[in-house]
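Coordinate-derived values only; no laboratory data. What you see is a predicted model; the values in this text were computed from it and never measured. Don't worry about glycine lacking a Cβ; one is built from the backbone with ideal geometry, like all the others, and counts go over all protein chains shown.
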Amino acid sequence: MAALALAAPAFAQEKASEEPVRIRVMIGPQAYPAYPGAKDLRIGALVGLDRARGDEPFAFEAADDSFGIHLVRSHGVSVGPVVNWQWSRTAEDVGTTLPKVGFSLEAGGFAQYELGDHLRLRAELRKGLSGHKGWTGTAGADAIFRDGDRWLFAVGPRVTWGDNRYNDAYFGVAPADAPASGLPAYDPGGGIHAIGATATFLTPLSPSWGLYAYAKYDRMTGDAADSPIVRSYGSRDQISGGLALTYTFDWRR
């Protein structure tokens, strides 16, 4: 995770330059579905990087936010570019003969609105530059409870969407592939394919060290939930979670 406000008045930049910059790094393990609709989990790294100036608290970021940069931040509104990725899906991953969906690098943008310190609304839209090559996006809200950087708990709903190309890549079965896979041909349409929630928790262990944890649950819906791939080899219940250590230090030039 990373957040950087690049649009600020010159006088504000001069004042901020006199304050020390605090950096928080995070690393740990996380588990998440091997591919959209999978029943098996993949283990990967949970990493993050945040910065704040002076005594201001670190900005809230959820674990399921894509990596992004706040190009514009004004009156609670932020917009900027994001990147994300999805590992490839092979026939071995599914358990039957289906075409491979390659590694998907996604690029797009986000917009979010923060109502004070206790509510955040965020939406992302991303295009697959490889792999599924479709459009996908998320929308959600977070209720945030915190005491500065001393502790933080946030929870809120999520909706995930994919266009025809995205949903066909992960949930469709082409007529030519049906006989070998043993599945019926299936042509899903675009639309919402998951509804769920994400919870985030952060607490200090010492002045420098802290503990970060998150849990996420999505329920497949619509054409994705009815996919023979999901019904026969996957799961409508999508669970993710991670646990990481954080380390905070001052950065002085």
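Please report, in debye to the nearest 20, how large the charge dipole of segment 42-81 is about its Cα centre when each Lys and Arg carries +1 at its beta carbon and each Asp and Glu carries -1 there.
Details: 4 positive and 6 negative charges, 28 e Å.
In debye, rounded to 20, segment 42-81 gives about 140.
In this structure the amide hydrogen of Arg22, modeled in the peptide plane, comes within under 5 Å of the amide hydrogens of Ala52, Arg53, Gly54, Trp251, none closer than 5 places in sequence on its chain.
Packing around the peptides 33-39, 176-182, 194-200, taken as the average count of other Cβ atoms within 10 Å per residue, puts them in this order, highest first: 33-39, 194-200, 176-182. Taking 12 Å as the straight-line reach from the Cα of Lys100, the aspartates and glutamates in range (excluding those fewer than 8 positions away in the same chain) are Glu92, Asp177.
Summing charges over neighbours of Leu119, with a neighbour being any other residue whose Cβ is under 13 Å away from its Cβ, gives 0 when K and R count +1 and D and E count -1.
Specify whether the C-alpha gyration tensor of segment 23-134 places it in the rounded, prolate or oblate class, a ≥ b ≥ c being the square roots of the eigenvalues: rounded for a/c under 1.5, otherwise prolate if a/b is larger than b/c and oblate if not. Prolate, since a/c reaches 1.5 and a/b exceeds b/c. Against the empirical 2.2 N^0.38 Å (N residues), segment 10-251 has a Cα radius of gyration ratio of 1.12. Helices in the chain, meaning DSSP H runs of at least 4 residues, each add -39500 (n - 2.57). Divided by all residues, the mean residue ellipticity at 222 nm is -3000 deg cm²/dmol.
Could you give the distance between the Cα centres of segment 137-157 and segment 161-185, to the whole Å? Measuring centre to centre over Cα atoms gives 36 Å. Each residue of segment 33-44 was assigned a 3J(HN,Hα) from its phi angle through the Karplus curve 6.51 cos²θ - 1.76 cosθ + 1.60 (θ = phi - 60°); the sequence is x, 4, 7, x, x, 6, 9, 8, 9, 10, 9, x Hz, with glycine and proline shown as x.
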